[in-house]
1. In what sequence, largest accessible area first, do R383, R79, R110 appear using a 1.4 Å probe?
2. Report the gain in length on full extension from A138 to Y269: 0.36 nm times residue separation, minus Cα-Cα distance, nm rounded to one decimal.
3. Computed from these coordinates, which is Kirkwood radius over Cα pairs in Å: (1) 23.4; (2) 21.2; (3) 20.5?
4. Would you mind calculating the gained length between A165 and A241 on full extension (0.36 nm times residue separation, minus the Cα-Cα distance), in nm to one decimal?
5. Largest first, please: the extent of the C-alpha atoms of the stretch 16-190 along each principal axis, to the nearest Å.
6. How far apart, in nanometres, would the label points at A295 and A210 be if each is projected 7 angstrom from Cα along the Cα-to-Cβ direction?
7. Determine the share of the stretch 254-387's accessible area contributed by carbon and sulfur atoms, expressed in whole percent, with a 1.4 angstrom probe.
8. Tally up the carbon and sulfur contribution to the accessible surface of the stretch 16-190 as a whole percent, 1.4 Å probe, everything protein left in place.
Amino acid sequence: MATAKETATGSQSIPWRAVGAVGVGLFGLGLAVGSYGTYVTLLIASGVGPDAAGFGMSLFLLGQLLAVVPADRLTRTMRVERVGALGLAGAGVGIAIGAGVTLETTYLSRLLLGLGQGTAFVAGMKYVGLRTTGADTATAQGMLGALFTLGLAVALAASPPAVDALGPIAPVLAAAASTLLGAALTLRLTPVTGNAIAPFRAYIEPFTSAGGLALGLGNMATFGFLMVAATWYTEVLATAAVPAVAVLVGFALATVLGRGLGGWLSRGYGERATVAGSLLGLTIVLGGLAASIAAQSAIGIAAGLVLTGFGFGIPFGPLFSLAFSELTDDSGVTLSGMLLVGNAGALAYPWLVGRLLTATAGYAAGFAAMGLSVGAIWLLWVRTIGH
């Protein structure tokens, strides 16, 4: 059995088998997350209130928040690949429960999916991190993140027509099958053990400073608000005079391409400037999207939705790169803390957009609130970390 020390000194290449095994599971998780907006539309059509329908994504974020620290601690007492497989298996069961499209099954499904994803993501990223060193670590972890994002993008674009053609069970089966296959493959990987147990306070201490808080809230503005987008964009497009599938494909491509573009911009302009510029850009785009919705501008809505994909995607990699280099020497603590703060900050927004929809009969207020929030994070960023 490989230990953290042995793998850190002995591995000089990317473990593609591990990336593939964990990546299949993360791709399935992305499918499940990206398809949720289609089920929000179904729930609303069945008479469920928009805030209640959106609350399912809040439960998903809550599940991740509750799972990440226990998952990291579990990787320090159990074999890391077993923790990853356990998370994927639990998420797969949660996804399958969502085949019954009722509010109760949706809530249970989303909570279990969040718990499973939080566990699988922490364990999977740690596993490839312990099997690699240097640039290979960044490449392997980036591949895992890209496979999750690819699954999310595919589901955003494909789930509305798939549900129309095949019914609501088809996307659930595809996501559950990929996730459970990933669990089985991950369980068969080379055994790896983690490092020493960290005290609970270690997960929060890096984020008690203004700079650390800016990094954590930056994750809220990228990953957290991407989850809000996955919840509501399908429903927004259902009420707008635009080609919904084409816009969702554009948004999905922008999100995936944004991940790569973030690395390219970081090399040219630095990580701090890349994050600062993309947060400012996302603030402007969300504000423009809110204005376009209020004015019922089809071109503005379509352009705004697509451009937010770049806003969510570009800062993600530079944010985590900065966090790993500046917060703590323990990558598991840093990863868990970033997810903890980011998910906690974004927790209310899927519900809030639905609540504001009920109160104002439109989506403009919800996206304006998101834009103002990102703007506040940008201000904190330039005051504490720089630009």
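The values are calculated or read from the model by the stated rules, or taken from the named source; none is laboratory data. Given the structure is predicted, the values throughout are model-derived calculations rather than measurements. Because the Cβ atoms are built from the backbone with ideal geometry, glycine has one as well, and the counts that use them run over all protein chains shown. Surface areas here come from the heavy atoms of the whole protein model, side chains and all, with no ligands, DNA or RNA. Shrake-Rupley method; radii C 1.70, N 1.55, O 1.52, S 1.80 Å.
1. Result, largest first: R383, R79, R110.
2. Length difference between fully extended and current span is 45.3 nm.
3. Structure-derived value, by its label: (3).
4. Result: 25.2 nm gained on full extension.
5. Reported extents, whole Å, longest axis first: 51, 29, 24.
6. Each label point is offset 7 Å from its Cα along the Cβ direction, giving 3.6 nm.
7. Whole-percent figure for carbon plus sulfur exposure: 66.
8. 74 percent
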